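I have placed the structure first, in the form of structure tokens, so that the comments after it can refer back to it.
The values are calculated or read from the model by the stated rules, or taken from the named source; none is laboratory data. On a predicted model such as this, the values are computed, not experimentally measured, just so you know. For neighbour counting, all protein chains shown are included, and Cβ atoms are generated from backbone atoms with ideal geometry for every residue, glycine included.
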Amino acid sequence: MIWYSERDILNLCIGNKDMIKVRIAIQSHLSDALIDVDHNPYMAQRRISFVKQLIAKYPDQSVEIDEEELDVMWYEANFNL
């Protein structure tokens, strides 16, 4: 059985996009960078650069952004679009 939070149900009903706090995205990329340091230093460097970009763009890391927007930012930062 799948359990949904009230927020998930509300988002499904009104069609809201998935949001994530910038702080969580930063922590996630830094955690991944720690893993990548030994095995894929290039990717670790890309993740750290992306974190720097997020910090510069969002000084208040408690704000929420659309996960799709975050994915686009990551893609543009890494594939020079």
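Within region 1-54, restricting attention to residues that are surrounded by fewer than 13 Cβ atoms within 10 Å (Cβ to Cβ) and aromatic (Phe, Trp, Tyr), the residue that is modelled with the highest pLDDT is TYR42. Restricted to region 66-75, and to residues there that are of a type outside the set (A, V, I, L, M) and touching a residue at least 24 places away in the same chain (Cβ under 8 Å), the residue that is surrounded by the fewest Cβ atoms within 10 Å (Cβ to Cβ) is GLU68.
Does MET73 satisfy the criteria of being within 22 Å of ASP18 (Cα to Cα), hydrophobic (A, V, I, L, M, F, W, C) and in a helix (DSSP H, G or I)?
So MET73 fits the description; yes.
Within region 45-65, the only residue that satisfies the criterion of being in contact (Cβ under 8 Å) with a residue 12 or more places away in the chain, assigned to a helix (DSSP H, G or I) and small (Gly, Ala, Ser) is SER49.
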